[in-house]
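Here the structure comes first, spelled out in structure tokens, and everything after it is commentary.
The values are calculated or read from the model by the stated rules, or taken from the named source; none is laboratory data. Since we're looking at a predicted model, the values are computed, not measured. Cβ sites come from the backbone with ideal geometry, for glycine too, and all protein chains shown count toward neighbours.
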Amino acid sequence: MNSTNLMRLSGRKAIVTGSGSFGIGRAIALRFASEGADVVVHGFGRPELTEELAEEIRSMGRRSIGFDVDFSQAARVRSFMQEAMAFLGGLDILVANAATIHRKPFLEITDEEFSQVQAVNLHGYFACSQEAARTMVKAGYGRIIMISSINQQKAIRNQSHYCASKGGIMQMAKAMAIELAQTGVTVNIIAPAAALTDFNRHIMADEAVRKRFESEIPAGRLAVPEDFTGAAAYLASEESAFMTGASMFIDGGRSLA
């Protein structure tokens, strides 16, 4: 998980949303804990997995608690952030990662489906980031990391509402970065390609689909959650102090093809 044995995040306080399943958020939460951070974790609909992750982090000697929260409800997102920051006694790092996806042709997407994807993927990111930033600005330090997708700039079939939400995240992060640049708070994006996570596992179970995805990635394979943890730890640390408003594409070259 962390062969470098760095402790860049010692004493830091972090929240990682969407970490209560087997995916990128979970791997990042564990990496942060391994580098010394206390980490609040979050999931929705599978509280046993979220609590299992919190317990694993506590077993590493860090403070942790798990929350089960529907990120389509902005008011609940804000109250969750307040509860999480109260538990931690502040906040240094936010990883906004909770997301949803519906794969459906553009002509068949309903208003309700479009709104639900924006509510979770865009408004949810806005609400948790705004709550985090208010605390961080007062402290004069903070790292906001948004897990987006190469689909923030690369369109794909049957995901127009998902692409819209990720494009919105990209522009929102840039605007936030400009406004917060002189406060000690940075805002950056990690943009993954398709990864073997709970998010995609059901479609990747189809061998033909998986091979098609792999053929579109110059590196010749799908990502795994651990491919993103080094970048996340860097962006969460003091080493990234002069980096803000940037998107790190970790995609095996997919965005180049």
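Remarks
- Failed criterion for R103 (all others in (1) outside any helix (DSSP H, G or I); (2) modelled with pLDDT of 95 or more; (3) of a type outside the set (G, A, S) hold): (2)
- Sole exception among (1) under 19 Å from the mean Cα position of the chain (by Cα); (2) over 23 Å from F199 (Cα atoms); (3) assigned to a loop (DSSP other than H, G, I, E, B) for G90, by number: (1)
- Contact map, the stretch 68-80: residues that are under 17 Å from P47 (Cβ atoms) paired with residues that are at pLDDT 95 or above and of a type in the set (D, E), Cβ distance under 8 Å, separation 6+ or inter-chain. Pairs shown: R76/D70; V77/E131.
- E238 fulfils the conditions (1) modelled with pLDDT under 95; (2) farther than 25 Å from G45 by Cα; (3) in contact with a Lys or Arg (Cβ under 8 Å, 6 or more places away or on another chain); (4) of a type outside the set (A, V, I, L, M) except for a single criterion, (1).
- For the condition of a type in the set (G, A, S) and more than 13 Å from the chain's Cα centre (by Cα), A33 qualifies.
- Output for the stretch 225-257, where each listed residue is loosely packed, with under 13 Cβ neighbours inside 10 Å, touching a residue at least 40 places away in the same chain (Cβ under 8 Å) and more than 26 Å from A181 (Cβ to Cβ): A257
- Taken residue by residue, the stretch 112-132 has no member that is assigned to a loop (DSSP other than H, G, I, E, B), touching a residue at least 40 places away in the same chain (Cβ under 8 Å), surrounded by fewer than 15 Cβ atoms within 10 Å (Cβ to Cβ) and not basic (K, R).
- Scanning the stretch 10-22 for residues that are part of a loop (DSSP other than H, G, I, E, B), at pLDDT 95 or above, within 27 Å of D198 (Cα to Cα) and touching a Phe, Trp or Tyr at 6+ places or on another chain (Cβ under 9 Å) yields T17, G18.
Per-residue answers, yes or no, for (1) in a helix (DSSP H, G or I); (2) out of contact with any helix residue (DSSP H, G or I) (no Cβ under 8 Å at 6 or more places or on another chain); (3) buried (at least 16 other Cβ atoms within 10 Å of the Cβ):
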site	(1), (2), (3)
L30	yes, no, yes
A54	yes, yes, yes
I65	no, no, yes
M85	yes, no, yes
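- Test: residue in the stretch 174-184 that is surrounded by 14 or more Cβ atoms within 10 Å (Cβ to Cβ), modelled with pLDDT under 95, outside any loop (DSSP other than H, G, I, E, B) and among the basic types (K, R): no
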